[in-house]
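Data first, discussion second: the structure below is written as structure tokens.
The values are calculated or read from the model by the stated rules, or taken from the named source; none is laboratory data. Not measured: the values here are computed from a predicted model. All Cβ positions, even for glycine, are placed from backbone atoms using ideal geometry, and neighbour counts span all protein chains on display.
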Amino acid sequence: MFFEINGELVDFDRSKYYLDNIEEKNPETVYFHFHEDEDAHGPNEWSNEKKIITLARGLNLLPEISYEKSNGNHVIGYEGATYHGGNEGTSISMYEGTGQIDPTAHQVAHNENYYVKITTQDSKRDVDSSHDAELGTLLFDINNIRLDFSQPKFLEDNTGAASFHFHEDQHPFLWYREGEVTLQAALNSLPGITYRQTSGGSHIIEYDGKESYSMTYDETNEEDELVIRQRTTDIDPTTYSPESGDIIWVYVHSQRAPENEH
């Protein structure tokens, strides 16, 4: 689940969202929660156990998050702040995959990807301002293991790629773009990652990194699933150029690699 507020994603890989820490106080959190075990769960992989519930109820079970509808508008609370979709300058949209949903009616289901997007007139980001560059986010998951782009091999000084790179700035998924570049060229500039397409336009990703996951993933292989989106929109990396504020998600799941989910 992605939960975005003014361009920033909520980090669900925190102790206050882990079932082990919240179930005793509220046993119903077993219906919708996150886990700490990085060997069995991805950083934003939600879990549902024992009872199927609506997404609205699931959000209300998460600490310091609330959801309700008011006159047909989404109203979301997060860490003491309330965002009302009916207010001027505030926009709230909720998706499963690429389609908008009504969380009061939509029941959570295994393998579904939820995206909550909140935008207000107040949008700020504390980043390295010493470079004249466009900024965005890249999340690259292989079987729910997320690549850490703060590793030295991905940093600008080591890749020599001025057009698309990362900085040592406490933002491990924040990319910097200087000049025009397609997403394909951007991905191919990162060590250990190669993107190409089949003649029919299907995704192919070659990954050379963590040993058990180093292989070629092909969307035409029935054992592989590849998704590449800018927020909730599927994109073609050969023609799409990353834009300022983008949140790009590359998701790879393969039955040929070790599973990393419950």
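A single entry from Lys69, Lys25 fulfils the requirement of being basic (Lys, Arg) and over 20 Å from Gln107 (Cβ atoms): Lys25.
Filtering segment 203-240 to residues that are loosely packed, with under 15 Cβ neighbours inside 10 Å and touching a helix residue (DSSP H, G or I) at 6+ places or on another chain (Cβ under 7 Å) leaves only Thr238. The single condition among (1) within 18 Å of the chain's Cα centre (by Cα); (2) surrounded by 14 or more Cβ atoms within 10 Å (Cβ to Cβ); (3) farther than 23 Å from Phe3 by Cα; (4) not hydroxyl-bearing (Ser, Thr, Tyr) that His167 does not satisfy is (1). When every residue of segment 145-154 is checked against the conditions, at least one turns out to be among the charged types (D, E, K, R), closer than 28 Å to His35 by Cα, outside any helix (DSSP H, G or I) and touching a residue at least 60 places away in the same chain (Cβ under 8 Å).
Phe149 - would you say it is closer than 29 Å to Thr119 by Cβ, touching a helix residue (DSSP H, G or I) at 6+ places or on another chain (Cβ under 6 Å) and not assigned by TED's automatic domain parsing to the domain that holds Trp46? Criteria not met by Phe149. Among the residues examined, Phe34 qualifies as hydrophobic (A, V, I, L, M, F, W, C), modelled with pLDDT under 95 and in contact with a Ser or Thr (Cβ under 8 Å, 6 or more places away or on another chain). It is to be established whether one or more residues within segment 196-212 are closer than 30 Å to Thr119 by Cβ and not acidic (Asp, Glu). Looking for residues that are closer than 30 Å to Thr119 by Cβ and not acidic (Asp, Glu), one finds at least one in segment 196-212, hence yes. Screening segment 76-93 for residues that are in a strand (DSSP E or B) and in contact with a Phe, Trp or Tyr (Cβ under 7 Å, 6 or more places away or on another chain) and picking the one that is surrounded by the most Cβ atoms within 10 Å (Cβ to Cβ) gives Ile76. The set of residues in segment 42-62 that are assigned to a loop (DSSP other than H, G, I, E, B) and more than 14 Å from the chain's Cα centre (by Cα) comprises Asn48, Glu49, Lys50, Lys51, Ile52, Ile53, Leu62.
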